[in-house]
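The values are calculated or read from the model by the stated rules, or taken from the named source; none is laboratory data. Treat the numbers as computed from the prediction; the structure is a model and nothing was measured. Quick reminder, even Gly has a Cβ in these numbers, built from the backbone with ideal geometry, and neighbours come from all protein chains shown.
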Amino acid sequence: MFQNKYGIIFLILLSSFTGGFISNTMFAHAQDYNQVISAKAFQLVNNDGKIIGTWATCSANLPCLNFYDANNKVRLQMGVGSYEVPGGLPFIGLFDEKFRAKGLLRLYGQAEAPVLVMKNNDQDKLIMGLDFQDSTDPFMVSFDKNGGQHTQFGQYGSK
């Protein structure tokens, strides 16, 4: 019976040290995730090492994410742009292979009105959203091939 007590004490100590070692090993790496990493840009690469995305600054030193197609052309961009509001407002841009905007979703102006813009050959073709003053009333305007503006409904621009 005396030997069983020492065996049990030995097993308890061994279990304690083993558990402490394992938990220290597992949780020591978790502390690494709390550290700050600073960089001017980050690149996302595929299995072949080709860049398929970047996280960097676009305009006015504000952040943006770029996603590239198979031909290394930016086709999707999301970020914060400086559109008449200090500090910038969020946007999402869809681009053709020549990096011409085809579609934009963004907030605009002091009221941070949501606006959707559809383009062709760098020309606005359809713009819709909520008015720029207080972001309460919807509007939609279209543009013909000569650039003529046609209000479908609501008030486009400032009141």
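The residues in the range 108-152 that are in a strand (DSSP E or B) and polar (S, T, N, Q) can be counted, and the count is 6. Quick one: is residue 72 free of Cβ contacts under 8 Å to residues at least 24 places away in the same chain and either among the charged types (D, E, K, R) or in a loop (DSSP other than H, G, I, E, B) (or both)? When the stated conditions are applied, residue 72 passes them.
Among the conditions (1) closer than 30 Å to residue 37 by Cβ; (2) not in a strand (DSSP E or B), residue 80 misses just one, which is (2). Assess whether residue 111 counts as being under 22 Å from the mean Cα position of the chain (by Cα) and more than 24 Å from residue 54 (Cα to Cα). In short, yes. Considering each residue of the range 12-34 in turn, at least one proves to be assigned to a loop (DSSP other than H, G, I, E, B), at pLDDT below 95 and surrounded by fewer than 10 Cβ atoms within 10 Å (Cβ to Cβ).
The residue of the range 126-159 that is farthest from residue 87 (Cα to Cα), among those that are surrounded by fewer than 16 Cβ atoms within 10 Å (Cβ to Cβ) and either in contact with a Lys or Arg (Cβ under 7 Å, 6 or more places away or on another chain) or among the basic types (Lys, Arg) (or both), is 145. Looking across the range 129-144, the residues that are touching a residue at least 24 places away in the same chain (Cβ under 8 Å) and on the phi < 0 side of the Ramachandran plot come down to 131, 132, 133.
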